[in-house]
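Colleague: Questions regarding the structure given below will be posed in turn.
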Amino acid sequence: TKYYGYSLDGGVTWTDNSKNTKSPLALTGLTNGVTYGIKLRAWNATGAGASSTVVAGTPVAAKPSAPKITAAVGGAGQATIAFTPGADGGAAITNYEVSTDGGKTFVAMSPTVTTSPIVVTGLGYAVKYNIAIRAVNSSGSGAASAAKAVTTTKVPQTISFTQPASMSVRSADQVLTYSTTSGLTLTVTAAAAKVCTLVGGKLHAVSAGSCTVTVAQPGNTMYAAGTSIVRKVTISN
């Protein structure tokens with residue numbers, strides 16, 4: 001029975017297997033990216049025949065299979081994508097690419113990411129995205145995951161407002177101290193106009209009673225509305 005043997009080192013050593021009876025021969029157990037000097041020789045009942053000329057062969061990895069997104073959580077202008085990787089195709093994963101349009105276009109992560117989760121930054125605020133990812137190895141970009149929808153959030157802001165001191169109708173107008181972490185303009189209102197008003201940004205006492213001052217910030221395309229702060233000021237005679 002005729003069969004074939006092969007050498008991976010230019011004919012120095014041989015592997016002869018009676019199961020290798022026809023072309024093509026599948027040579028397994030090789031290292032991707034390594035160049036081998038491959039030769040073949042035929043065997044029959046009388047022994048081994050002359051070997052072929054040497055041919056250089058370099059096995060390459062398959063492209064990675066599709067990962068699976070397990071969770072997508074929106075943050076302020078970003079999204080965190082947790083996933084289970086697919087098979088690496090026989091070569092190490094060197095990076096992931098991300099799509100925010102459901103897999104139409106992909107951008108490589110920078111700096112590179114090789115494990116879950118992926119944090120996608122530079123997104124809009126309070127915007128819905130359809131995220132897909134794919135792995136990259138030495139053979140190129142692999143199959144993409146199924147897309148998963150995620151909606152980003154706005155940046156939170158915190159308002160601070162110092163409790164105004166008690167006043168009398170004879171007190172000088174009081175400067176109010178307030179701020180917000182967003183740096184946006186705050187809206188200040190004073191209820192009970194018969195008791196107090198705002199004059200030039202200062203609290204002015206009109207008559208005895210309770211004066212309610214509210215500081216608010218409604219937010220914008222980037223910042224979420226802040227939680228309004230309400231302070232009460234006692235106005236005495």
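Colleague: What list do you get for D16, D88 if you sort them by fewest beta carbons within 10 Å?
Modeller: D16, D88
Colleague: For an R0 of 22 angstrom, estimate the FRET efficiency from the Cβ-Cβ distance between T13 and A92 and round to the nearest 0.05.
Modeller: In this case the efficiency is close to 0.20.
Colleague: Moving on to the next point. Assigning unit charges at the beta carbon (Lys, Arg +1; Asp, Glu -1) and nothing else, what dipole magnitude in debye, to the nearest 20, does segment 41-144 show about its Cα centre?
Modeller: So the dipole magnitude of segment 41-144 works out to roughly 140 debye.
Colleague: Only Cα pairs under 8 Å and at least 6 apart count here; give the relative contact order of the chain as a rounded whole percent.
Modeller: That works out to 14 percent.
Colleague: Continuing with the same structure: Let's test the formula: R0 of 25 Å, r as the Cβ-Cβ distance of K22 and S141. What FRET efficiency results, to the nearest 0.05?
Modeller: 0.10
Colleague: Follow-up question, since we're still on this one. Looking at this model, which pairs from K68/K148; K128/K148; K154/K232; K2/K39; K63/K104; K19/K39 are more than 21 angstrom apart at the alpha-carbon?
Modeller: K154/K232
Colleague: Quick one: length gained pulling A193 to T153 fully straight, 0.36 nm per residue minus the C-alpha distance?
Modeller: The A193-T153 span can extend by a further 10.6 nm.
Colleague: Moving on. Find the eigenvalues of the gyration tensor of the Cα atoms of the chain, then list the square roots of 5 times those eigenvalues as equivalent ellipsoid semi-axes, largest first, in whole angstrom.
Modeller: Whole-Å semi-axes of the equivalent ellipsoid: 79, 13, 11.
FYI, it's all coordinate maths here, none of it is from the lab. No experiment lies behind these values; they were computed from the predicted model shown. Neighbour counts are summed over all protein chains in view; Cβ atoms, including those assigned to glycine, are modelled from backbone coordinates with ideal geometry.
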